[in-house]
1. Which numbered condition trips up B:G263, out of (1) out of contact with any Pro (no Cβ under 8 Å at 6 or more places or on another chain); (2) crowded, with 18+ Cβ neighbours inside 10 Å; (3) away from chain A (no Cβ under 13 Å); (4) at pLDDT below 95?
2. Among A:I166, A:I116, A:I126, A:I152, which is surrounded by fewer than 24 Cβ atoms within 10 Å (Cβ to Cβ) and hydrophobic (A, V, I, L, M, F, W, C)?
3. Considering only segment B:3-18, state which residues are over 26 Å from the mean Cα position of the chain (by Cα) and either away from every other protein chain (no Cβ under 14 Å) or not aliphatic (A, V, I, L, M) (or both).
4. Can you give me the ranges of the strands (runs of 3 or more DSSP E) entirely in segment A:289-364 with at least 2 residues that are assigned by TED's automatic domain parsing to the domain that holds A:T262, over 25 Å from the mean Cα position of the chain (by Cα) and more than 18 Å from A:T378 (Cβ to Cβ)?
5. Would you mention how many residues in segment A:369-390 are part of a loop (DSSP other than H, G, I, E, B), under 23 Å from A:K258 (Cβ atoms) and more than 7 Å from every other protein chain (Cβ to nearest Cβ)?
6. For A:A245, only one of the following conditions fails: (1) at negative phi; (2) assigned by TED's automatic domain parsing to the domain that holds A:A44; (3) hydrophobic (A, V, I, L, M, F, W, C). What is its number?
7. Looking only at segment B:228-237, which residues are more than 9 Å from every other protein chain (Cβ to nearest Cβ) and touching a strand residue (DSSP E or B) at 6+ places or on another chain (Cβ under 7 Å)?
8. I want to confirm something. Restricting to segment A:182-219 and keeping residues that are crowded, with 21+ Cβ neighbours inside 10 Å and within 14 Å of chain B (Cβ to nearest Cβ), which single residue is nearest to A:G393 (Cα to Cα)?
Number of protein chains: 2
Amino acid sequence: MSLHEHEPLAAEMCVLGIAARDAARALRETTADAKNAALLAAAAAIRVHVDDILAANAQDVSLAKMSGLSGALLDRLALDADRVEAMARGVEEVATLPDPVGRELARWTRPNGLEIARLATPIGVIGIIYESRPNVTADAAALCLKSGNAVILRGGSESARSSAAILEALREGLAAAHLPADAVQMVPTTDRAVVGMMLSGLEGTIDLIIPRGGKGLVARVQSEARVPVLAHLEGICHVYVHEQADPEKARAIVLNAKMRRTGICGAAETLLIDRSVLKSLGVQILEDLHAAGCEIRGDKDACAVFAGAIPASEQDWRTEYLDAIISVKAVNGLEDAIRHIETYGSHHTESIVTEDTSAAERFLWALDSAIVMWNASTQFADGGEFGMGAEIGIGTGKLHARGPVGVEQLTTFKYIVCGNGQTRP
Amino acid sequence: MSLHEHEPLAAEMCVLGIAARDAARALRETTADAKNAALLAAAAAIRVHVDDILAANAQDVSLAKMSGLSGALLDRLALDADRVEAMARGVEEVATLPDPVGRELARWTRPNGLEIARLATPIGVIGIIYESRPNVTADAAALCLKSGNAVILRGGSESARSSAAILEALREGLAAAHLPADAVQMVPTTDRAVVGMMLSGLEGTIDLIIPRGGKGLVARVQSEARVPVLAHLEGICHVYVHEQADPEKARAIVLNAKMRRTGICGAAETLLIDRSVLKSLGVQILEDLHAAGCEIRGDKDACAVFAGAIPASEQDWRTEYLDAIISVKAVNGLEDAIRHIETYGSHHTESIVTEDTSAAERFLWALDSAIVMWNASTQFADGGEFGMGAEIGIGTGKLHARGPVGVEQLTTFKYIVCGNGQTRP
């Protein structure tokens, strides 16, 4: 497609960006009560329009089936009355969170009497690029609205009708609470050219892009974006069973970290076991996993002690399975484990199981991951489990936010300086 | 130059990136005492090598003169014994700052007993791209080292010899304190191709780029970088004299905000005056500025009341003069002032002068600038004046750090989660 053909679309996207920026300015000065009223009204509107949403979704699903969409993707796309109700409840839960805007993050007074405060403020306009999961439309919009940000949504083409129906309900909620409906907008077409336009920032109107989806989507966004990106790439999470591990804790933690839900980014993908406990505790752990239906891909040592294991390749140490598969490696103590994780990990979440405090402290400090754990399951890597309420994902970047990204992480701050006529000498 | 010709350079830059990453890993686990010892040893080495530094600088200066470098740039390039001593003292002052690494930013306990702490950690490897100011070599390296980061420096070509001599002293200090000298490195050539390589992140080894220099440099870095940028673009700072301003405060603040130092980013560039006080207080302020040697570019109303003003063009409202020039506009009250600043400002620093608390509060909250002030000079927009110690610049971006960027802002954080065997239900 030529550049020329995109001109009307580019113009339309610019208008959308300006509307978002104007809505963001209004939201910045909106009270917590008004934002919460809008969220509750949006939840109510989702319930009122459940039939419209389900009808739109049925169209999406039948088109997706015709184009050969596969099982897991189809499952993510499909809605039913329970899922729509869960969506409405999710929006209501966001309303119950403490308001993240206006929080005093710091305050101090200078010797010259200037009083300086750092206060949390909304970021502005957030672009969300996601795949064909209609519920993300409601989740992401609710979190952005709660944190005072306007949002521009670009969902997957397969869920376009469902998302549009959900969007209508959300905008109805905003209007009912006398907030600008343009605080939540969706791009006008599923043309992939709009993604490039969003990544270029829409003439300076988009402050932040958040991709939600698989590694391919996130990698594309990271490599093309001209505006800041808060990204949630893969989670190659490790559990390290130290020689001083409590056996019961180790068995429970590994099984839970891997098998509770295998498809989430906090699921363990690689198990490291101290060589000294491989034949004893290690074998028990591998038997637990095997019995739970987990495929075990071991290094030479793991395969030698456990007949159910198949040999791991070099690529296995770099793979996020998101499935009932685990790679297992025997290590020569703490430093060897740290080296492996720093070499192959994705800086998401790692856990050490040990009763040795100094080994734990060394592990917790030496690793450069967003979340490091001691005697706990990596599946706790989650905004809800952290007590932050809903999250928009887990960040593994180093700037701004890392770990679970909830409403507080969707704010920035400003300094407010109060004086009584001070001039600088 | 063809891509092929850059291959050896690209390989060399990759080696440099890997050395920086390894040094960053070592620094991450270095104690505050060791980092401070390295800074003090570096300051001592700067003093020991003052003659080498001055000789190298003399070569830079004479080459720069031959190539026709102009007055202000030449002044920034030239060193003398006093300037080298100031550089050494600056490094010592960074050593006296509190260590920003390991600070506990938050801590809470979950109902299931998990203890979660958010601790400050170094960012990793920081790339600094700057112009021909040799002192930035020492300043930037000291701030990065203090915050536990390795640094890759790329200074302007005119200061290459001076910067190399300063670098040697810094590395001598690191080695004396048994820290890896590669914590501070400089690119091997002034070939502009290295800038592009740094902006692409050197194969994932650079975590953050900080440009220090004029608008052209910062704009290039922002548009080309493939890694996060902490940027300090222009400061079009406003002072708004509200109708309820105290006349003495207003006169002192405007004069100081504009004229104390005109070349810093916190200097005021536009003065907004409520129409109701234009003929009285407004004229006094313009007379003060005029008497101090400031050129006044006024709108129709300002020109009508003050004969010494020349007409401002539309472009003036968007211009950071960094000089003894101010643009002046009469406004119809608070909302008009806010609208002007949101339209033409650069989100750096704005100040309102008023005795009306509710007008001040509205101004402070409505503006989307990194720093907003009440009854104080915009020239306080500075890390030192904020009590942060040295700063690497002022950020106007919305992600990670805004306002003065000191050692605390050069850190990120991680979550440490301590349990006693918890698994997720």
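The values are calculated or read from the model by the stated rules, or taken from the named source; none is laboratory data. Just so it is clear, the model here is predicted, and its values are computed rather than measured. Because the Cβ atoms are built from the backbone with ideal geometry, glycine has one as well, and the counts that use them run over all protein chains shown.
1. Exception for B:G263: condition (2).
2. Details: A:I166 fails: surrounded by fewer than 24 Cβ atoms within 10 Å (Cβ to Cβ); A:I126 fails: surrounded by fewer than 24 Cβ atoms within 10 Å (Cβ to Cβ); A:I152 fails: surrounded by fewer than 24 Cβ atoms within 10 Å (Cβ to Cβ).
Testing whether each residue is surrounded by fewer than 24 Cβ atoms within 10 Å (Cβ to Cβ) and hydrophobic (A, V, I, L, M, F, W, C) leaves just A:I116.
3. Restricting attention to segment B:3-18, the residues satisfying the condition of being over 26 Å from the mean Cα position of the chain (by Cα) are B:3-12, B:14-15, B:18.
Result: B:L3, B:H4, B:E5, B:H6, B:E7, B:P8, B:L9, B:A10, B:A11, B:E12, B:C14, B:V15.
4. Working: elements: A:295-298, A:325-331, A:349-353.
Correct list: A:295-298.
5. So the first thing to find is which residues in segment A:369-390 are part of a loop (DSSP other than H, G, I, E, B), and the list is A:369-370, A:377, A:381-390.
Among the residues that remain, those that are also under 23 Å from A:K258 (Cβ atoms) are: A:369-370, A:377, A:381-386.
Now restrict to residues that are more than 7 Å from every other protein chain (Cβ to nearest Cβ): A:381-384.
Total meeting the criteria: 4.
6. (2)
7. Selection gives B:A231, B:H232, B:G235, B:I236, B:C237.
8. The selected residue is A:I210.
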